[in-house]
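Taking it in order: structure first as structure tokens, then the write-up.
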Amino acid sequence: MPSQPPLALAVLGRGVVDPGTPTLFADDEAVLRGRAAFETIRVYSGAPFRLDAHLLRLSSSAATLGLPNVDARALADLARQAVAAAGAPDATLRVVWTAGRESSGEGFAFALVTRLPPHLDELRSRGLRLVSLQLAVGTQTRQASPWLLPGVKSTSYAVNMAAQQEARSRGADDALFLSLDGVVLEGPTSNVWFREGDALFTPSLELGILAGVTRDTLIGGAGAAGYEVEEGRFTLERLAAADEVFMSSSLREVVGVSELDGRPVGSGTPGPAAERMQQVLRAAASAS
Ligand code: PLP
């Protein structure tokens, strides 16, 4: 997705600054070694959606990365300052917590607000074309290896970005990660779902995937929308034969999948569950 010019920036210890202000030191470990955790949060009507859940996940990512502890209250303040300064009702908020300057032992944070990526609704109506890409790790190894950072949202996302680039070079929109043993995991920036009849299926967090805040919101709202949800280990073949497949993430929200590895999926995009779960998500955002 093309990047968007920043609307507002708030920096820990400084507050709101001009978004063009240089912010990080060259020896910040985020830059030198990718040692930083981040969150991408959607702002609806001027309010960051489920900010507390995002900051909780940021704390957990920081702990696994061995970063200084996150002060969730200070970061929530910083996030709100940036959102207020941006003055845009609907936007993207990123909160970044870095390891700080080399050997300083003190973390550093900023909150950045940008416009939403363009064409999200267009993407939702035409659906995503996915290609499956295998990660060189089996699910058991991944689960048992904290140094592989399972379930961590760190700025070391170069592999995820390279996977999206590979998907685009094959004429698709996005990638779908499979483990070495062929288990469906997640996308580089989203969780994956499929529907069989009235049941929704999504990979289990035990597989070391990211605990998506959108995923959690959809699990919470699925029952009232008439769907039961099962989390587990699923093969690509099962996904390819499903009634529909969709992805979930904070920015894109719920987007149907139209094609998997060059073959059509389900019977048209968006499928009924993708549409219904998008409504569930929007209802949760307006109620918050
Ligand atoms: N999985 C990965 C690897 C992600 O990077 C993301 C979000 O960026 C998600 C899933 C979806 O998470 P959320 O719904 O919290 O945006």
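The values are calculated or read from the model by the stated rules, or taken from the named source; none is laboratory data. Everything numeric in this text was worked out from a predicted model, so none of it was measured. Here Cβ is always computed from backbone atoms with ideal geometry, including for glycine, and neighbour counts include all displayed protein chains. Protein only, heavy atoms only, side chains kept; ligands, DNA and RNA dropped before computing areas. Shrake-Rupley method; radii C 1.70, N 1.55, O 1.52, S 1.80 Å.
Residues in region 208-230: is at least one open to solvent by less than 20 Å² (accessible area, probe 1.4 Å) and at pLDDT below 95? Yes, some residue in region 208-230 is open to solvent by less than 20 Å² (accessible area, probe 1.4 Å) and at pLDDT below 95. Filtering region 260-288 to residues that are within 20 Å of S179 (Cα to Cα) and either part of a strand (DSSP E or B) or basic (K, R) (or both) leaves only L260. Elements of the type helices (runs of 4 or more DSSP H) sitting completely within region 1-91 and holding at least 3 residues that are over 27 Å from E253 (Cα atoms): these cover 29-33. For region 125-150, the set of residues classified as in contact with a helix residue (DSSP H, G or I) (Cβ under 7 Å, 6 or more places away or on another chain), of a type outside the set (S, T, N, Q) and modelled with pLDDT under 95 consists of V137, R142, P146, L148, L149, P150, listed by residue number. Take G151 and tell me if it is buried (at least 17 other Cβ atoms within 10 Å of the Cβ) and touching a residue at least 12 places away in the same chain (Cβ under 8 Å). Yes: the conditions hold for G151.
Yes or no, residue by residue, for (1) more than 14 Å from the ligand (Cβ to nearest atom); (2) open to solvent by less than 50 Å² (accessible area, probe 1.4 Å); (3) in contact with a helix residue (DSSP H, G or I) (Cβ under 6 Å, 6 or more places away or on another chain); (4) not small (G, A, S):
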site	(1), (2), (3), (4)
E39	no, yes, yes, yes
R73	yes, no, no, yes
D77	yes, no, no, yes
A82	yes, yes, no, no
R94	no, no, no, yes
S103	yes, no, no, no
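Listed by first and then second residue, the pairs linking a residue in region 263-280 that is in the same structural domain as R126 (by TED's automatic domain parsing) to a residue that is of a type in the set (A, V, I, L, M, F, W, C) and surrounded by fewer than 16 Cβ atoms within 10 Å (Cβ to Cβ), with Cβ atoms under 6 Å apart and 6 or more places separating them unless they lie on different chains, are R276/A225; V280/A225.
Considering every residue within region 167-183, establish whether at least one is open to solvent by 10 Å² or more (accessible area, probe 1.4 Å), part of a helix (DSSP H, G or I) and in contact with a helix residue (DSSP H, G or I) (Cβ under 8 Å, 6 or more places away or on another chain). Checked against the condition, which is being open to solvent by 10 Å² or more (accessible area, probe 1.4 Å), part of a helix (DSSP H, G or I) and in contact with a helix residue (DSSP H, G or I) (Cβ under 8 Å, 6 or more places away or on another chain), region 167-183 yields no hits at all. Residue check: S132 meets all listed conditions (1) within 14 Å of the ligand (Cβ to nearest atom); (2) within 19 Å of S204 (Cβ to Cβ); (3) among the small types (G, A, S) but one, namely (1). From (1) more than 21 Å from F246 (Cβ to Cβ); (2) among the hydrophobic types (A, V, I, L, M, F, W, C); (3) surrounded by fewer than 18 Cβ atoms within 10 Å (Cβ to Cβ), pick out the condition that doesn't hold for L116. Going through the list (1) more than 21 Å from F246 (Cβ to Cβ); (2) among the hydrophobic types (A, V, I, L, M, F, W, C); (3) surrounded by fewer than 18 Cβ atoms within 10 Å (Cβ to Cβ), L116 breaks only (1).
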